[in-house]
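Okay, so here's the structure we're looking at.
The values are calculated or read from the model by the stated rules, or taken from the named source; none is laboratory data. Everything quoted here is computed from the prediction, not taken from an experiment. Neighbour counts are summed over all protein chains in view; Cβ atoms, including those assigned to glycine, are modelled from backbone coordinates with ideal geometry. All accessible areas refer to the heavy atoms of the entire protein, side chains included, with ligands and DNA or RNA removed. Shrake-Rupley method; radii C 1.70, N 1.55, O 1.52, S 1.80 Å.
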Amino acid sequence: MRVPKKERQRLLQETIDRNPFIKDEELSKQFAVSIQTIRLDRMELKIPEVRERIKHVASEHLDEVKSLAMSEVIGDMIDLKLDESAISVLDIEREHVFSRNEIARGHVLFAQANSLAVALINDELALTTKADIRFSRQVHLGERVVAKARVIKLRRDGRTDVTVDSYVGEECVFSGDFTIYRRGEEEQA
C-alpha cells in the first residue's frame, strides 16, 4: 500500500534527521518509491543531497586534528571532539574491493577505524600500540560505512583506550578496541 505524499515526506524528513548520511538509494528502498521520487521530495522539502548534508554536519562539529594530516584520515571526517569522540564516513568504491566478488578489503575498514582512533587523540604524536578487531559481516561495493570512535579511558601511562564501531545503515560491520600511545606534555619539552 502506497503512503500518501505528505505522510511520505514527513517520514522522509524524520528519517534524514535521524540519519543524515542515508543515501537516496536506501531511502528509495525504504519507502518503496523511485530514486527520482525521493529526489523530488527532498527538493520540495529543501533537503540537500547527502554529500552536502555530510559537509554541513562536518562544518559544525570539527575540532582541529593534531595527530595527523586530514588527508591521512581514511574517509570523510564529519565529527571530531578531541579526546572524546569522532565520526567518519567512507563510501566503498571500486578501489576498496576485491574485483572478483566486490567485497571490501578488510584492511580498508581497519584503516578507516585506526586512522579515526589516532585522529581523536589531542596530541601531535599518536601511535597505535594495540588493536583487537572484529569483522561482523562483509561490506560490499557501493555501501557507506560510518565509523564512530570514542575514548574509553585516558591512562596515566601515556596511553588512551579507544573503541570504534563501524556501521552500514543500522548494522554494525566492524568493531575494534585500540590502545593509542600519546607523547603527552611532559615529553614534549
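The table that follows gives values for the structure above.
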| quantity | calculated |
| --- | --- |
| Filter pass, Arg159 being touching a strand residue (DSSP E or B) at 6+ places or on another chain (Cβ under 9 Å), charged (D, E, K, R) and open to solvent by less than 80 Å² (accessible area, probe 1.4 Å) | yes |
| Residue match in the range 99-114 (condition: surrounded by fewer than 13 Cβ atoms within 10 Å (Cβ to Cβ) and under 17 Å from Glu72 (Cβ atoms)) | yes |
| Count - residues of the range 1-23 that are open to solvent by less than 20 Å² (accessible area, probe 1.4 Å) and either under 22 Å from Ser88 (Cα atoms) or out of contact with any helix residue (DSSP H, G or I) (no Cβ under 7 Å at 6 or more places or on another chain) (or both) | 3 |
| Test: residue in the range 79-95 that is crowded, with 22+ Cβ neighbours inside 10 Å and farther than 23 Å from Pro20 by Cα | no |
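Okay, residues lined up against (1) outside any loop (DSSP other than H, G, I, E, B); (2) closer than 27 Å to Ala147 by Cβ; (3) not assigned by TED's automatic domain parsing to the domain that holds Tyr167:
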site: Gln9; (1), (2), (3): yes, no, yes
site: Gln13; (1), (2), (3): yes, yes, yes
site: Asp17; (1), (2), (3): yes, yes, yes
site: Phe21; (1), (2), (3): no, yes, yes
site: Val33; (1), (2), (3): no, no, yes
site: Ile38; (1), (2), (3): yes, yes, yes
site: Met43; (1), (2), (3): yes, no, yes
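Yes/no matrix, rows are residues, columns are (1) under 13 Å from the mean Cα position of the chain (by Cα); (2) outside the structural domain of Arg18 (by TED's automatic domain parsing); (3) modelled with pLDDT under 95:
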{"site": "Glu102", "(1), (2), (3)": "no, yes, no"}
{"site": "Ser115", "(1), (2), (3)": "yes, yes, no"}
{"site": "Val118", "(1), (2), (3)": "no, yes, no"}
{"site": "Ala131", "(1), (2), (3)": "no, yes, no"}
{"site": "Phe135", "(1), (2), (3)": "no, yes, no"}
{"site": "Leu141", "(1), (2), (3)": "no, yes, no"}
{"site": "Arg144", "(1), (2), (3)": "yes, yes, yes"}
{"site": "Lys153", "(1), (2), (3)": "no, yes, no"}
{"site": "Arg156", "(1), (2), (3)": "no, yes, yes"}
